[in-house]
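Colleague: Below are the structure tokens for one structure; questions will follow.
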Amino acid sequence: MTQILLALVVVANLVVIFTKASASARRVNEIFDIKPSITDDLNSVVTPIQNSPAIVFDDVSFSYGSTGENALENLSVSIDKGETVGIIGGTGSGKTTLVNLIARFYDTTTGNVYINGVNVKNYPFSQLRCLIGVVPQSATLFSGTVRENLKWGNENANDAELDEAVSIAQASEFVSKLNGGYDYKIAQSGKNLSGGQRQRLTIARALVKNPEILILDDSASALDFATDAALRNAISKNTQAMTVIIVSQRATTIKNADKIIVLDEGGVAGIGTHDELFLSCEVYREICLSQQSVEEASR
Ligand SMILES: Nc1ncnc2c1ncn2[C@@H]1O[C@H](COP(=O)(O)OP(=O)(O)OP(=O)(O)O)[C@@H](O)[C@H]1O
Ligand SMILES: [Mg+2]
């Protein structure tokens, strides 16, 4: 009787397992069947147009599909090669959305984005993303050693190149203190490092790639003011040929940029240098004054 009962239990379990498996298989197949909405032509090779600006937004509007509301509206801006551009604006004003359009993580709803004079839609992904180094807003590292993480953008980088990138990112000191240096094991998504350490390593990772266009999306938010200032100095000294886009909530971080773009609820509230905007742009002046005293801010 016991043996028969046990056999029946096994059969009952099998039925449950098969039901679960078939439901899971259906879901997995659904995922495999999804076609990406953004595709590229693998075989095309794009030749950049000489003497064209590095990045041009031509009357770009963008909405995240279902919501219908525009996250960016009629944005037109031109960024020259080698320029440092600051982007500032309140939470949800569309800063991350703007930089995501450069690397074509999303396609514009209307209007076009051009890099080196060529529409981003004509680039093969490999060529486009070779040009651009993005440090995303949430610093994400992968499990593995520090070295493996840094080599993400350039597999052939040697230790001297890693050293240089790490020192620009102001991370030399803490990396040298880690047990094993570059061979220190990082836990899943970098949990055994502090937020600021993670941010500095993600900046170094982007620099190792030596991209033409460097995008820092609020990448210094967890750093103290002194480290933030040292980082900006090192970046501007060592990346003269690079077009650098710095997104920040802090007015001091972007104050010295060649051009500042002020976003307000998806629209451009002003474009210019700190001095011009401080006089002419209400939104920018409010941001500066909310963070500093009047004399400090106008300087
Ligand atoms: N994946 C998404 N799907 C739908 N709506 C989104 C998505 N990402 C952002 N949004 C919306 O788009 C608008 C702009 O968001 P965005 O992330 O560009 O803001 P932000 O300026 O980077 O803000 P923060 O300073 O907080 O990073 C917000 O209103 C947000 O709700
Ligand atoms: Mg953002």
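Colleague: Kindly provide the set of residues from the range 54-79 that are modelled with pLDDT of 90 or more, exposed (fewer than 14 other Cβ atoms within 10 Å of the Cβ) and either in contact with a Ser or Thr (Cβ under 8 Å, 6 or more places away or on another chain) or not small (Gly, Ala, Ser) (or both), ordered by number.
Modeller: Matches in the range 54-79: Asp59 only.
Colleague: Return the total of residues in the range 182-195 being under 20 Å from Asp163 (Cβ atoms) and surrounded by 14 or more Cβ atoms within 10 Å (Cβ to Cβ).
Modeller: Residues flagged as under 20 Å from Asp163 (Cβ atoms) and surrounded by 14 or more Cβ atoms within 10 Å (Cβ to Cβ) within the range 182-195 amount to 4.
Colleague: Going by the conditions given, is Ile87 among the β-branched types (Val, Ile, Thr), in contact (Cβ under 8 Å) with a residue 60 or more places away in the chain and over 25 Å from Asn256 (Cβ atoms)?
Modeller: Values: among the β-branched types (Val, Ile, Thr): yes; in contact (Cβ under 8 Å) with a residue 60 or more places away in the chain: yes; over 25 Å from Asn256 (Cβ atoms): no.
In short, no.
Colleague: Mind counting the residues in the range 69-96 that are more than 16 Å from ligand 2 (Cβ to nearest atom) and assigned to a strand (DSSP E or B)?
Modeller: At the first step, the residues of the range 69-96 found to be more than 16 Å from ligand 2 (Cβ to nearest atom) are 69-70, 73-74, 76-84.
Retained after the next criterion (residues that are assigned to a strand (DSSP E or B)): 70, 73-74, 76-79, 84.
Number of matching residues: 8.
Colleague: If only one of Ile31, Ile49 is more than 24 Å from the chain's Cα centre (by Cα) and closer than 30 Å to Val244 by Cβ, which one is it?
Modeller: Details: Ile31 fails: closer than 30 Å to Val244 by Cβ.
After ruling out the rest, the residue left standing is Ile49.
Colleague: If you don't mind, another one. In contact with a Pro (Cβ under 8 Å, 6 or more places away or on another chain), charged (D, E, K, R) and closer than 19 Å to Gln50 by Cα: is that true of Lys121 in this structure? Spell out the reasoning first.
Modeller: Details: in contact with a Pro (Cβ under 8 Å, 6 or more places away or on another chain): no; charged (D, E, K, R): yes; closer than 19 Å to Gln50 by Cα: yes.
Considered against the rule, which asks whether it is in contact with a Pro (Cβ under 8 Å, 6 or more places away or on another chain), charged (D, E, K, R) and closer than 19 Å to Gln50 by Cα, Lys121 comes out as no.
Colleague: Keeping to the range 147-198, report how many residues are assigned to a helix (DSSP H, G or I) and more than 30 Å from Ser126 (Cβ to Cβ).
Modeller: Going residue by residue through the range 147-198, those that are assigned to a helix (DSSP H, G or I) are 147-150, 159-168, 172-177, 181-183, 188-190, 195-198.
With the extra rule that they be more than 30 Å from Ser126 (Cβ to Cβ), the set shrinks to 172-174, 176-177, 181, 195-197.
Going through the range 147-198 one residue at a time, the tally reaches 9.
Colleague: Within the group Asn112, Asn43, which residue is farther than 19 Å from Ala269 by Cα and part of a strand (DSSP E or B)?
Modeller: Asn112
Colleague: Might you let me know whether the range 92-109 holds any residue that is among the basic types (Lys, Arg) and surrounded by 22 or more Cβ atoms within 10 Å (Cβ to Cβ)?
Modeller: Within the range 92-109, the subset among the basic types (Lys, Arg) is 95, 104.
Narrowing further to those that are surrounded by 22 or more Cβ atoms within 10 Å (Cβ to Cβ): 95.
Yes, the range 92-109 contains at least one residue that is among the basic types (Lys, Arg) and surrounded by 22 or more Cβ atoms within 10 Å (Cβ to Cβ).
Colleague: Report the residue count in the range 232-264 for those that are closer than 14 Å to Gly86 by Cβ and either surrounded by 19 or more Cβ atoms within 10 Å (Cβ to Cβ) or of a type in the set (D, E, K, R) (or both).
Modeller: Filtering the range 232-264 down to residues closer than 14 Å to Gly86 by Cβ leaves 232, 235-236, 243-263.
Cutting the leftovers down to either surrounded by 19 or more Cβ atoms within 10 Å (Cβ to Cβ) or of a type in the set (D, E, K, R) (or both) gives us 232, 235, 243-248, 250-251, 253-255, 257-263.
Residues in the range 232-264 being closer than 14 Å to Gly86 by Cβ and either surrounded by 19 or more Cβ atoms within 10 Å (Cβ to Cβ) or of a type in the set (D, E, K, R) (or both): 20 in total.
The values are calculated or read from the model by the stated rules, or taken from the named source; none is laboratory data. Since we're looking at a predicted model, the values are computed, not measured. We place every Cβ from the backbone using ideal geometry, glycine too, and count neighbours over all the protein chains shown.
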